[in-house]
Amino acid sequence: MNHGLRILLRAGDPVRQQGLAAMLEAAGHTLVAETPDVVLCDLARDAAPPGEAEAPVIVLTDRSLPGDQPAGVLPRTVSAEQLDAALRAVAAGLLVRAPGGIPADGFRAAGEDAPPLLTPREAEILTLVGEGMSNKAVARALGISVHTVKFHLEALFAKLEATSRAEAVAKGLRGGVIEL
């Protein structure tokens with residue numbers, strides 16, 4: 001069952017706040033004013049990053065952040081699927097970063113080749129495939145069914161625009177999505 005999270009949304013621009021709120025609610029999350037699972041901050045170019053927070057923080061920004069990093073840092077152009085995956089990953093205690101890291105002058109332009117954001121499970125499966133494991137071996141290692149492995153591989157192939165396991169691994173390595 002796919003349970004929604006309690007999200008505290010902070011955005012300076014009311015239009016942006018409304019758009020993000022709609023995106024979060026469509027993903028099944030609930031907006032709250034206190035005791036959130038995750039704090040989502042949308043930072044405009046001149047806004048200061050958040051300080052201490054009562055929950056893990058994901059920052060949407062188009063620039064690099066100085067000092068201590070929040071649990072998640074993603075570009076403001078993040079898709080609804082990427083944001084949902086990042087929120088769930090951060091709530092589970094993982095760190096989330098934009099693919100390839102944040103260049104010193106900010107995020108890559110939309111036209112540049114940026115690898116897609118994979119879910120933590122997809123990255124885990126791609127890494128095991130890159131180590132030469134069969135679907136059955138991956139399923140055994142992760143305690144999931146072979147059918148679930150195949151489902152994740154199909155999603156990976158689509159995101160990476162790959163037609164084979166080898167091509168998916170090569171693109172994952174080239175894009176910095178996985179390391180072997």
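Suppose we filter Ala162, Ala137 for residues that are assigned to a helix (DSSP H, G or I) and among the hydrophobic types (A, V, I, L, M, F, W, C); which single one remains?
Selected residue: Ala137, the only one of Ala162, Ala137 that is assigned to a helix (DSSP H, G or I) and among the hydrophobic types (A, V, I, L, M, F, W, C).
Residue under question is Ala141, and the condition is that it be more than 23 Å from Leu95 (Cβ to Cβ), among the small types (Gly, Ala, Ser) and either surrounded by 17 or more Cβ atoms within 10 Å (Cβ to Cβ) or more than 20 Å from the chain's Cα centre (by Cα) (or both); does it hold?
No; evaluated as a whole, the condition is false for this residue.
I need a count of the residues in segment 165-180 that are buried (at least 21 other Cβ atoms within 10 Å of the Cβ) and modelled with pLDDT of 85 or more.
Matching residues across segment 165-180 total 2.
Got a number for residues in segment 1-12 being outside any strand (DSSP E or B) and either more than 16 Å from Arg76 (Cβ to Cβ) or touching a helix residue (DSSP H, G or I) at 6+ places or on another chain (Cβ under 9 Å) (or both)?
Qualifying residue count for the region: 5.
Here is a yes/no grid of residues against (1) in contact (Cβ under 8 Å) with a residue 12 or more places away in the chain; (2) surrounded by 15 or more Cβ atoms within 10 Å (Cβ to Cβ):
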residue	(1), (2)
Val15	no, no
Leu20	yes, yes
Leu24	yes, yes
Gly28	yes, no
Leu31	yes, yes
Pro36	yes, yes
Val39	yes, yes
Leu43	yes, yes
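The values are calculated or read from the model by the stated rules, or taken from the named source; none is laboratory data. None of the values given here were measured: they were computed from a predicted structure. Here the Cβ is made from the backbone with ideal geometry for all residues, glycine too, and neighbour counts use every protein chain on show.
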